[in-house]
Amino acid sequence: MVKRFDGREYNELRKINIKLNVIDNAKGSAIFSFGDTVALAAVYGPKPSKMSLDYEKAFLRVRYNMLTFSTPERKKPTPGRREIELSEVIKRALEPALLLEEIPGSIIDIYIEILNADAGTRTASINAASLALSLAGIPMKDLVIGLAVGKVGEKIVVDLNKEEEDYDSEKLKKDPEKSKYIEYYGEGRATDIPVAIIPSEKKFTLIQLDGEISNKELNDALNLALEKALEIKNLMKSNILKHLSSSGNFIY
Ligand code: ADP
């Protein structure tokens, strides 16, 4: 039976890979991957900031960057409009989970590098940053979980890869090797919905939508996102606990 391009079920995430504290000089760091999409996040601080002394809470700065070799065609090294926008999007997705008022007058920097991109880089970045923030000891209500859901053709799926994001049944009809996938996905193009969730509150801190979708389909997609966010959170949490106990730190 035909399944998704890479053989997954509609509700199956790509393989998740997590590596913790990979950068010695950072307070906390992590690599998070969804299949071939690999994000590295490093947290520096909190450090005292003259700039933010007037504020009652810590100031968060996020820089998202895609490395030149992260895409099949060499990406320009200078940060573009997309990278500036995604830095802001990621910051806003993370901020509601951070207890920044507990560390007033300080500044926290998060540097994110995309090592390899196959769609879903902003959501993988959110997970890498969440892990790095928690390892850096930044006070948080919960981990923030990023993942994409969406509609490919007529099918609701989780964690779209680039081939799915670019889906177009009209184009596939002309491709003898790929036209069989129309049987699975149906007619049309793709609608990608990257989201970020605070699982303990079932709160969405990011919902972006690129394409068209009905209310009922959107509801189904967001429910699927809530379900899968818990799965990702449990995996992230167990990785943190394993890492802390093997490095001599204990959590009570
Ligand atoms: P996201 O990575 O969060 O899904 P986009 O929807 O903007 O964000 O990008 C989708 C995918 O398109 C990226 O993950 C990457 O695979 C590819 N892509 C984005 N920008 C570029 C670029 N400048 N050059 C090559 N590929 C890119």
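The values are calculated or read from the model by the stated rules, or taken from the named source; none is laboratory data. For clarity, every value in this text was computed on a predicted model and none was experimentally measured. Quick reminder, even Gly has a Cβ in these numbers, built from the backbone with ideal geometry, and neighbours come from all protein chains shown. Just the protein is used for accessible areas: all its heavy atoms, side chains included, with ligands, DNA and RNA removed. Shrake-Rupley method; radii C 1.70, N 1.55, O 1.52, S 1.80 Å.
Every residue in the stretch 22-75 that is assigned to a loop (DSSP other than H, G, I, E, B) and small (Gly, Ala, Ser), please.
Within the stretch 22-75, 26, 35, 49, 52, 58 meet the criteria.
Within the stretch 47-68, restricting attention to residues that are more than 11 Å from the ligand (Cβ to nearest atom) and free of Cβ contacts under 8 Å to residues at least 12 places away in the same chain, which residue is most open to solvent (accessible area, probe 1.4 Å)?
Step by step, filter the stretch 47-68, then rank; the result is 50.
State yes or no: is residue 85 touching a residue at least 24 places away in the same chain (Cβ under 8 Å), open to solvent by 10 Å² or more (accessible area, probe 1.4 Å) and either within 16 Å of the ligand (Cβ to nearest atom) or not hydrophobic (A, V, I, L, M, F, W, C) (or both)?
In short, no.
If residue 227 satisfies every condition in (1) in contact (Cβ under 8 Å) with a residue 12 or more places away in the chain; (2) over 17 Å from the mean Cα position of the chain (by Cα) but one, which is the exception?
Every listed condition holds for residue 227 apart from (2).
Go through the stretch 26-46 and give me each residue that's within 21 Å of residue 94 (Cβ to Cβ) and either open to solvent by 60 Å² or more (accessible area, probe 1.4 Å) or small (Gly, Ala, Ser) (or both).
Correct list: 26, 27, 28, 29, 30, 33, 39, 41, 42, 44, 45.
Would it be correct to say that residue 78 is among the polar types (S, T, N, Q), within 16 Å of the ligand (Cβ to nearest atom) and not in a helix (DSSP H, G or I)?
Answer is yes for this residue.
For residue 39, state whether it is of a type in the set (A, V, I, L, M, F, W, C) and within 16 Å of the ligand (Cβ to nearest atom).
Considered against the rule, which asks whether it is of a type in the set (A, V, I, L, M, F, W, C) and within 16 Å of the ligand (Cβ to nearest atom), residue 39 comes out as yes.
Tell me, yes or no, whether the stretch 218-231 has at least one residue that is more than 16 Å from the ligand (Cβ to nearest atom), open to solvent by 40 Å² or more (accessible area, probe 1.4 Å) and in contact with a strand residue (DSSP E or B) (Cβ under 6 Å, 6 or more places away or on another chain).
Checking the stretch 218-231: at least one residue is more than 16 Å from the ligand (Cβ to nearest atom), open to solvent by 40 Å² or more (accessible area, probe 1.4 Å) and in contact with a strand residue (DSSP E or B) (Cβ under 6 Å, 6 or more places away or on another chain).
Name the pairs: first residue in the stretch 104-122 and part of a loop (DSSP other than H, G, I, E, B), second residue modelled with pLDDT of 95 or more and of a type in the set (Gly, Ala, Ser), Cβ to Cβ under 6 Å, at least 6 apart or on different chains?
120/148
Can you confirm whether the stretch 140-155 contains a residue that is open to solvent by 10 Å² or more (accessible area, probe 1.4 Å) and over 20 Å from the mean Cα position of the chain (by Cα)?
Scanning the stretch 140-155, I find at least one residue that is open to solvent by 10 Å² or more (accessible area, probe 1.4 Å) and over 20 Å from the mean Cα position of the chain (by Cα), so the answer is yes.
Exactly one condition in (1) away from the ligand (no atom under 16 Å from the Cβ); (2) open to solvent by 50 Å² or more (accessible area, probe 1.4 Å); (3) touching a helix residue (DSSP H, G or I) at 6+ places or on another chain (Cβ under 9 Å) is false for residue 97; which is it?
(2)
Go through 165, 183, 231, 227 for me and flag whichever is over 17 Å from residue 14 (Cβ atoms) and either at pLDDT below 95 or of a type outside the set (A, V, I, L, M) (or both).
That would be 183, the only listed residue that is over 17 Å from residue 14 (Cβ atoms) and either at pLDDT below 95 or of a type outside the set (A, V, I, L, M) (or both).
Condition (residue is touching an Asp or Glu at 6+ places or on another chain (Cβ under 7 Å), within 16 Å of the ligand (Cβ to nearest atom) and of a type in the set (S, T, N, Q)) applied to the stretch 114-137: is it met by at least one residue?
Yes, there is a match, as at least one residue in the stretch 114-137 is touching an Asp or Glu at 6+ places or on another chain (Cβ under 7 Å), within 16 Å of the ligand (Cβ to nearest atom) and of a type in the set (S, T, N, Q).
Just the residues that are charged (D, E, K, R), open to solvent by 30 Å² or more (accessible area, probe 1.4 Å) and touching a residue at least 40 places away in the same chain (Cβ under 8 Å), please, taken from the stretch 185-211.
201, 203
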